[in-house]
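This report refers to the structure that appears directly beneath it.
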Amino acid sequence: RSRASFPRATVMGNAAATLAISLDQEAAYSGGSLSGRAYLYVKEEIKCTALQLEVFGAEFSHVHWTTQETHGSGENRKTVTKHHHAYARRRLLRVVVTLASFPNGSLPPGSYEFPFSLVLPSGLPSSMYAAGGGGSCKISYSVKARLYRREWHKFDIRAKRPLLVSAAPFPPEPVPYFASPHTVPINTFCCIPNGTITLGAVADDTRLSRGETFGVGVAVDNSSTAQINSVSVKVKEFVSWRAGGHSNHEWRTVVAASFDPLTLQGAAKKASADIKAAASPGEARDAVLHRLYETLHSGSQRSSLVIPPTARV
């Protein structure tokens, strides 16, 4: 098999030989199988002892922070901002497999193919990258191949390619969440009461993996003179990393859905006279909570969201 025919392979080598790696799948699950082939093209006889494959994973963190130092006094007083950096690294995975040994100590010219299959350990976190506050963090995996040379003055022939790993999916049993209705007073000019707005929500599941779909429902009661402009649901992701006793973090929205207030039951504003003519506060609140509960459980005001493959879970 020629160099040009290596499928989806990362090719590295020198004039004497070329080594390449091809994976049967671009991504793998923690605890799942990983298979592929190592390709070796030998142009001229080469002295070697073994061909090894290594699957490697590690997490890296870079934290940035600042401090201020003041020097001098009076007109000569000056404050200087100093930037600091700290780094940390932790190995997550290292599996080494010998694909072939060469007892004769050499290989004649030709094209060689070495299939491999292994099972990744369970509990591995997903490949990811995040940046914030001047720092960054990542979890990365790679597959490496190495042909060991006999001569001390000859470099070993190597190949390397990245591997995307996803954490094992969560159990299929959903973990739903019912958000207790929250009431906010609406005031004009900061202190003139103009009623209240109450919002409730429900989520089908709160334990989600990449690519999973889940439903959310909302219910609203607008017992105020204010108009509701929008109602939205957002799934936010928080990533924090540490090094050298300091930390950076990043917040981001991974998926969102919007509801048209004109289509939501109870979202229309009320006249001041209707608010004043309402039942006693206790009775009115009981009626509002009952209606919100019925709306949420009827499933009439719902939207489906999908956790994107770029989520860092």
Response to the item:
Whole-Hz Karplus couplings 3J(HN,Hα) for the stretch 24-33, θ = phi - 60° and coefficients 6.51, -1.76, 1.60, Gly and Pro as x, run 6, 9, 6, 9, 9, 8, 4, x, x, 8
Worksheet, complete the sentence: Rounded to whole Å², per residue accessible area for the chain with a 1.4 Å probe reads 58
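Calculate the dipole size of the stretch 198-257 relative to its Cα centre from +1 charges on Lys and Arg beta carbons and -1 charges on Asp and Glu beta carbons; express the result in debye to the nearest 20. Don't jump to the answer; show the numbers that get you there.
Numbers: 6 positive and 6 negative charges, 53 e Å.
Here the stretch 198-257 has a charge dipole of around 260 debye.
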Discussion item. So if I place +1 on the C-beta of Lys and Arg and -1 on the C-beta of Asp and Glu, and nothing else carries charge, what would the dipole magnitude of the chain be about its Cα centre? I want it in debye, nearest 20.
Written reply: 1420
Practice prompt. Under 16 Å from a label point 7 Å along Cα→Cβ of Glu212: give me every residue in the stretch 166-180 with its amide N that close.
Written response: 166-178
Practice prompt. Please get the size of the charge dipole for the stretch 108-208, origin at its Cα centre, with Cβ charges of +1 on Lys and Arg and -1 on Asp and Glu, quoted in debye to the nearest 20.
Written response: 860
Practice prompt. With springs only between Cα atoms under 10 Å apart, run a GNM on the chain and tell me which of Val175, Val55, Val233 wobbles the most.
Written response: Val175
Practice prompt. For the chain, with all protein chains present and a 1.4 Å probe, just round the carbon and sulfur fraction of the accessible area to a whole percent.
Written response: 54
Response to the item:
In the structure shown, of Lys144/Lys236; Lys47/Lys144; Lys236/Lys269, the pairs separated by more than 24 angstrom at the C-alpha atoms are Lys144/Lys236; Lys236/Lys269
Practice prompt. Could you pull out every residue, at least 5 positions away or on a different chain, whose amide H is within less than 5 Å of the one on Gly244? Hs are placed 1.01 Å off N in the peptide plane, and Pro or chain starts have none.
Written response: none
Discussion item. On C-alpha positions alone, give me the angle between the axis of helix 281-298 and the longest principal axis of the chain, in degrees, nearest 10.
Written reply: 40
Worksheet entry | Expected 222 nm ellipticity per residue - DSSP helices of 4 or more, -39500 (n - 2.57), all of the chain, to 500 | -2500 deg cm²/dmol
Practice prompt. Would you tell me the accessible area of Thr70, worked out with a 1.4 angstrom probe on the heavy atoms of the protein chains, in Å² to the nearest 10?
Written response: 70
Discussion item. Once R0 is set to 45 Å, what does the formula 1/(1 + (r/R0)^6) return for the Cβ-Cβ distance between Leu92 and Ser303, expressed as a FRET efficiency to the nearest 0.05?
Written reply: 0.80
Discussion item. Give me, ordered by chain and number, the residues 5 or more places off Arg252 or on other chains with an amide H under 5 Å from its own placed amide H.
Written reply: Glu237
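The values are calculated or read from the model by the stated rules, or taken from the named source; none is laboratory data. Bear in mind that the values here come from a model prediction, so they are computed numbers and not experimental data. All Cβ positions, even for glycine, are placed from backbone atoms using ideal geometry, and neighbour counts span all protein chains on display. Each accessible area value is taken on the protein alone, full model and side chains, heavy atoms only, with ligands, DNA and RNA left out. Shrake-Rupley method; radii C 1.70, N 1.55, O 1.52, S 1.80 Å.
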